[in-house]
Every structure is written in structure tokens, then in C-alpha cells.
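Have a look at the structure below, then the notes.
Here, each number is a calculation from the coordinates, and none is a lab measurement. The structure presented is a predicted model; accordingly, all values stated were derived computationally and were not measured. Glycine also receives a Cβ, built like all others from the backbone with ideal geometry; neighbour counts cover every protein chain displayed.
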Amino acid sequence: MNPYFPNLFSPMKVKKTVFRNRIFGSPTGMKELTDHRHLCIKNIDFLQRRAQGGAAMVCLGDVIVDETSDISWNPKVRSWDRENEFAFYDMAGAIESQGAHASMELVHAGMHFHEDDRINYGPSDMVDEFDQGDGYGIRRHKIIEMPREIIDQVVDSYGKAAFRAKHCGFTAVLLHAGHGWLPSQFLSPVLNRRTDEFGGSLENRARITMMIIDKIREYCGPNFLIEARISWKEGMYEGYQLEDSIEFCKMMEEHGIDMIQVSCGSLHFHDSTVLSFPSWFDVDEGHNAEAAAEIKKHLHVPVGTVGAVTDPNFAEKCIKEGMIDYVVMARALIADPDYPKKAMHGKLDEIRPCLRCMSCLTGGYYNLPLHCSVNPQIGRDSDYKFAFLPAEKKRVLVAGGGPAGMEAAIIASERGHEVILCEKADCLGGLMRVIEKESFKIRIRTYREYLERMIAKSTVEVRLNTEVTPELIQTIQPDVVIAAVGGHPIIPPIKGIEKSIQIVDYYKEQPEIGENILVLGGGFAGVECAIGLALEGKKATIVEMSDALASGPNTPYPGTGAMQIDALWTNVKKNNVEVMLNTKCVEITDEGMICEDKEGKQILLKADKVIAATGIAPNEDIVDALRDSVIDFAWIGDCYQPGLIRTAVRQGYDTSLNL
Ligand SMILES: Cc1cc2nc3c(=O)[nH]c(=O)nc-3n(C[C@H](O)[C@H](O)[C@H](O)COP(=O)(O)OP(=O)(O)OC[C@H]3O[C@@H](n4cnc5c(N)ncnc54)[C@H](O)[C@@H]3O)c2cc1C
Ligand SMILES: Cc1cc2nc3c(=O)[nH]c(=O)nc-3n(C[C@H](O)[C@H](O)[C@H](O)COP(=O)(O)O)c2cc1C
Ligand code: SF4
């Protein structure tokens, strides 16, 4: 029995299959397929890495089952393409070689994946608008009610796809019946307006899912595992609800489903994407666990919960109390694939925490390579498979103890270099120390504390209250200097700007600012600050000169996508933050702000205080002063280009890997 988490690390037997523990890797769709939409070695290494970290089952996400769901603008693996078999076989083998089982998620996107030059089928006739968040805006297409012969074709395709998975060595398939894909479109009383045997009653709306389960069983035999993924409720307020899902799951059990993992939300309702993909605003753990527990009461098959599960204590408690049988994790295992092994050995302080920043979703879910704010290896797993120690030990001086400097110091010391990390402040953390004061950014604090622990465990020599200067470099005589000295706020040339408070100073000093606040600048930082103010009960208004929040010209970072914007807008609306777009601030006064609208008309806005969220500029002066003190010099993070924790950490990692 595991001494730390006896329930989480107890085996689970389903039919003839034994899982080594109760942690399943949640499906993650593959990017960087070959031109022929075949998996490549990168994809295999990515999932093998999940398995190596100790998960019991690892799932290849988003395998499309039928040509009627194929799209050109977001390439997916096609189950019907026999030439995928080599890679499927290799992938299943690679996962199994690490002691995990392999699962393949079967998806038909129905009305959501549409194309210009073909008939686009969905549950009913309608016009669908779908924003994939890939920069091409909203795709709008006519959807045709899927006729019976196409339903039969699609159902058969699910069966064939499952058979291919089995043939190639996968233990299970995961039938995606949630998140607004085809089975849940049929289940939806909002989207399904049919009058035939597939519409109307819950039983009719669930029919296609039951036909799929029956067909997979017919193709794959009694012992092959079929797991389903459902959304226990469809939208924040609309669509099917928990009572419907309980009945739906009971029907699935009658049709021989083996396991059910419970998620939430539908891509169809923008305000519910945060249910499927909880964001940094959602600070609770395992937001679907209670619904899963309610569903489990009515079933005999194992039930899991997915979504925002990050704490092994929480997972242990839920399983111990019989609420659920297993947990399914996506981002926790992206942030740290070794999470299961670390938890199994009680090394919780070494688990690299996920920020729920959704950066991976813009990369991994859309058409960019997968990336992560805290795990710079992810998506590049193959590159680091054979990483080796440096031949020559160097003396490395890192200037600046923000995320860039800390990551650089950790990696350089892990690779055997002698590392001195100097921070001019009296503590490590850099800007993270400031921004973590925002109530919903507690995960940034958790991550900062993790980095500090890793520094403490390493051989890095930390010197606080130590400003790196050319003179100090002369004294230390390093072989390499890595400058990670951050940036400073941009002060725009607006009359009266000195009457405002800079956002960084506001977080740092937490002064009394009154109740009615104007936030100048609708980039990410400004919007989040306004939401934070509203959460404190203040009246918050964002003044933004462009026509969008945190997007378009306001998004300097590659890979910001619709899910992050959805999360922002959902919380802007939920907290009654006022947004004034196309509004240019021309003066800050003692009473508030003078602005101009698009037509140049003046608007007077009253406020107790203006917070200026007008961006960060790199500390070029410091970098320039240090640059010539040593031959080997690198500058990283915000002092290279202001960005995010993700860009800072990645540059810290890459720079030290190349020493
Ligand atoms: C308001 C706001 C909100 C933000 N919110 C988020 C968010 O939610 N998520 C996200 O990913 N990113 C966010 N960011 C961006 C993120 O904080 C930065 O991109 C990141 O901190 C940059 O890391 P860094 O290590 O390069 O610099 P910093 O974090 O700025 O660290 C630089 C360090 O260098 C030290 N230093 C400076 N000069 C010297 C010297 N000569 N010698 C020694 N030490 C020196 C400084 O004291 C500081 O500790 C936000 C930024 C702002 C302004
Ligand atoms: C990068 C990334 C890719 C994903 N791809 C898929 C996918 O292909 N199929 C799917 O059903 N869910 C996908 N998801 C959703 C996750 O499986 C999971 O349901 C969701 O992220 C919530 O779980 P978490 O809080 O543990 O991340 C993806 C999530 C991420 C972060
Ligand atoms: S990118 Fe952000 S949300 Fe995704 S796994 Fe990494 S830390 Fe978590």
C-alpha cells in the first residue's frame, strides 16, 4: 500500500485490465502532424513522456472518426487512414513500455468543424458560428440535419476507428460525448430540434451515442475497454443539466460502457468554455467532482472526474470517500509529467504547479505547437530525450531573480555548472511577487514558491540585496553572465499621467484608492486588474483606445487565443466591469479622465483614481551596462522582450541548456 496516498495509488481493475493507479492522462490533441496528417515522433514522445511520469492511462486526443468531420483549417489525425497504423502501433507500444495503458479518443465534431466546399452536418438545420481562436475570426456555415444514412455511416466509422485502435495495441477508446461534439450536440435540447427518432425525448437525443457504443462493442468484442467523456451540464445556464446526464450515463451503462469521466461545458456556449477548461480565475479544485459523485451514485462502472484537479490530497480524499474512482488530469501533467511519480513518493514540494493560465490551450488546442508557461520542455520532448551534461564546468553569474533568472539558475546548476544568482531586492521572485497579490493569481505564488524551493535544493549560491554591476562582474570573474533584469513600466505621454498610479506600484504598495476606479489600458494586465477591483466590490471601468480587449494590437505575445479571451470576457461580464472601447485618454485630472471617442468627441469620466496599465519596456540600460563585462553574455526574459512567465521561463531554460 502506498504510504502517502493509499487510495490514489491503489490499482483499479476494469474487466481484464489492471491500472497501476487512479491517475489518467486526459486527452490532448496532437499538433505538428505530418503533411499527410500522420503522427510524428514528437507526438509519440509527448505521450510516452506522460506515461513515463507514472500515469495509469495516457490518451491520444482528438482522433477524427469520419470524413464528415474532417477539416483543412485544424488538422487532426484521421482514424480511417490505414497509413496511421504504423504510428498508432508505435505510440501504443511507447506508452506501454512505461507501464501505462494507451487510450485513443474518438471524436466527431459535427456542426462545429465546417468547411466551405462540402455539406456540413449537425443535429439540426441551422447556421453555426464557430471561432476557433486561430486568428481567422468567426467561421459561419449552414448546417444540415444529419440524415439517417450519414448517421449510420458515422456510427460505423466509430466502430471501425475503435477496431483500428485495438488492432494497433490500444487498451481502450475514449468516446467523446461531451464538450459540444457530435454526441452531445444530439443530446442538447438547444441544438437538437429533430422530430425523428433522434430528437425530442432524452432517450431519442441519446440514441446516437448508444448506437456508437453498441457498434464499438460489435467491432471490438467484450473485453476491449470503452470509456466515455461527458459534460455533466452543457452551458452555464442553458442546455442539458445534471439530471439529464445521470439518465444519459445510466443508458450508457446499460449499453456496456466501461468507465465514464465527467467533464463540463460545451464549445458552443462561449461562457461555458471556462467550465471545460477552468481558467486562472477559477481557484477551486476539481470543479466537476461533486457532479461526478452524484452520477456515480446511480452507476456500477468506475466514474472519474476531470477538470482542475491538481492537488493529490484532494484526489485522494475524493477516492477515499467513494465520490469517484479515478481522476483525469490534462494540464497538471503538462506542467509536470512526473506528477504521479512525485506524488507516489510523497515529494509534493517538487511538483511543478500549473498556473491554469491556458497558454497550452492556445498552443496545443489550436494550430501552434504545444507550449507551457512552467514546463519549457513540453512539446519539445524529443529534443531533450538525450540531453547530457556539459563537458566543461563554467562559472555562471545570473543577474536577476525573477522567473527567467531562477529557471536559468536551476537548469545551469542541474547541468553541473557553478551558479551564482544575484538579486538586487531582498527576496527572489521578481515581478511574480507583485502580480501574485491579485486575489485570483494565487497559482503564481505557488509557482514562485516552487521555484524558490528548487533553488534551495540546488547548488545555486543566492546573493540577495546584490545588484549586478560591471564592477561586481569583475570581482566574481564568471565565464558567463545571464542578465534577467526585467523591465520597467511605460509612462505614456498623456497630460497629467503623474496623477495616476502605475499598475505595478498599485500591486506593490496596495494604497487606498477609493471606490470608483478607471483602468487605463485594456491589455491582459489592465483587464485582470479591473476584474480584481470589481471582486473587491469597487466600480471598475476599463478605458481602451482600440476596439478589443486583450487581443489584436493589445496582444504582444504569440499564442494568445480565444480561450483566454473567453475567460477574460466571462469574468468581465460576471463582475460587472464596465468596458469602454475605442476610447482614447487624453488627460488625467484630479477628478478622473478626459477621453475622446472614435469621432473625436470629448468624454469626461469621473473617478477616485486612475490605474495606468500601459505596458512594460525592457531594462535596456542595465543590459547595455553589463554586456561588455564578459565575453559570454545572454539577456533573457522581460529585459530581452517584455512577455509572460512563459517566455521568461523558456528563455531561462534554453539559455542554460546551451551553456
Ligand atoms: C501587471 C502585470 C501583470 C502580469 N501578469 C502576468 C500573468 O498573469 N501571467 C504571466 O505569465 N505573466 C504576467 N506578467 C508578466 C510577467 O510578470 C513577466 O513577464 C515576468 O515576470 C518576467 O520575468 P523576468 O524574470 O524576465 O523579470 P522580472 O520578473 O521583472 O524579474 C527581474 C528581476 O531582476 C532584478 N534586477 C534588476 N536589475 C538587477 C541587477 N542589476 N542585479 C540584480 N538583480 C536585478 C529585479 O529586482 C527583479 O527581481 C504580468 C506583468 C505585469 C506588469
Ligand atoms: C493542450 C490541451 C489539449 C487538449 N486537447 C483535448 C483533446 O484533444 N480532446 C479532449 O477531449 N480534450 C482536450 N483537452 C481538454 C483536457 O483533456 C481537459 O478536459 C481539460 O484541460 C480540463 O482538465 P485540466 O484542468 O486537468 O486541464 C485539451 C486540453 C489541453 C490543455
Ligand atoms: S500552459 Fe499554463 S495552464 Fe497550461 S499546463 Fe502550463 S501552466 Fe498549466
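How would you rank 621-634, 480-493, highest first, on the average number of other Cβ atoms within 10 Å across their residues? Present the calculation step by step, with values, prior to reporting the outcome.
Working: 621-634: 15.4, 480-493: 20.5.
Top to bottom by mean Cβ count within 10 Å: 480-493, 621-634.
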Relative to the longest principal axis of the chain, what angle (0 to 90°, nearest 10) does the C-alpha long axis of helix 85-96 take?
70 degrees
222 nm [θ] for the chain, helices only, -39500 (n - 2.57) per DSSP H run of 4+, per residue, to 500?
-9000 deg cm²/dmol
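Could you list, in their original order, any pairs among Lys142/Lys573; Lys142/Lys233; Lys538/Lys609; Lys250/Lys296 whose Cα atoms are separated by more than 18 Å? If you can, show how the numbers build up before the last one.
Numbers: Lys142/Lys573 30 Å; Lys142/Lys233 26 Å; Lys538/Lys609 11 Å; Lys250/Lys296 10 Å.
Going by Cα-Cα distance, Lys142/Lys573; Lys142/Lys233 fall outside the 18 Å limit.
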Rg (Å, one decimal) plus Dmax (Å, integer) for the alpha carbons of the stretch 497-614?
13.5, 39
Sort out for me the Cα centre separation of the stretch 440-481 from the stretch 248-318, rounded to whole Å.
40 Å
What does the charge dipole of the stretch 497-614 about its Cα centre add up to, to the nearest 20 debye, if the Cβ of each Lys and Arg holds +1 and the Cβ of each Asp and Glu holds -1?
260 debye
Counting sequence-distant residues (5 or more places) and residues on other chains, those with an amide H built under 5 Å from that of Cys357 are none
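Sorted from fewest to most neighbouring beta carbons within 10 Å, what does the list Arg650, Arg37 look like? Please report the intermediate quantities before stating the final value.
On the way: Arg650 25, Arg37 16.
The order, fewest Cβ neighbours first, is Arg37, Arg650.
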How many angstrom lie between the Cα centre of the stretch 600-648 and the Cα centre of the stretch 110-180?
44 Å
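Would you tally the net charge around Val527, using a Cβ to Cβ cut-off of less than 14 Å, leaving Val527 out, and scoring K and R as +1, D and E as -1? Don't skip to the end; give the middle numbers.
Details: positive: Lys441, Lys573, Lys574; negative: Glu438, Glu528, Glu544, Asp566, Glu578.
Net charge in that neighbourhood comes out at -2.
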So which trypsin sites (Lys or Arg not before Pro) in the stretch 576-612 pass both tests, a DSSP loop state and at most 15 other Cβ atoms within 10 Å of the Cβ?
Lys598, Lys601
Percent antiparallel among DSSP beta bridges with both residues in the chain, to the nearest 5?
25 percent
Taking R0 as 25 Å, what FRET efficiency do you get between Glu587 and Ala548 from their Cβ-Cβ distance, rounded to the nearest 0.05?
0.55
Computed over the chain: longest principal axis from alpha-carbon atoms vs helix 524-535 long axis, angle to nearest 10 degrees, is 80 degrees
Which of Asp349, Asp116 has the fewest Cβ neighbours within 10 Å, and the rest in rising order:
Asp116, Asp349
Please report the relative contact order for the chain, taking Cα pairs under 8 Å with a sequence separation of at least 6, and give it as a percent rounded to a whole number.
11 percent
Calculate the translational D of the stretch 12-383 in whole µm² s⁻¹ from Stokes-Einstein, where the hydrodynamic radius comes from the Kirkwood formula applied to all Cα pairs, the temperature is 20 °C and the viscosity 1.002 mPa s.
106 µm²/s
Candidate aspartates and glutamates - alpha carbon under 13 Å from Lys215, same-chain residues fewer than 8 apart omitted
Asp152, Asp156
Which angle between 0 and 90 degrees, to the nearest 10, do you get for helix 207-220 versus the longest principal axis of the chain when only C-alpha atoms count?
80 degrees
Please sort by residue number the GluC sites (Glu not before Pro) in the stretch 471-530 whose DSSP state is loop and whose Cβ has at most 12 other Cβ atoms within 10 Å.
Glu512
For Met251, Met432, Met146, order by how many other beta-carbon atoms lie within 10 Å, fewest first:
Met251, Met432, Met146
With viscosity set to 1.002 mPa s at 20 °C, what whole-number translational diffusion coefficient in µm²/s follows for the chain from Stokes-Einstein and a Kirkwood radius over Cα pairs?
81 µm²/s
Hey, can you grab everything whose amide H is under 5 Å from the amide H of Val14? Only 5+ residues off in sequence or another chain; H modelled, so Pro and N-termini drop out.
Phe19
State the extension gain, in nm to one decimal, for the chain segment bounded by Lys495 and Asn516, taking 0.36 nm per residue of separation less the distance between their alpha-carbons.
5.5 nm
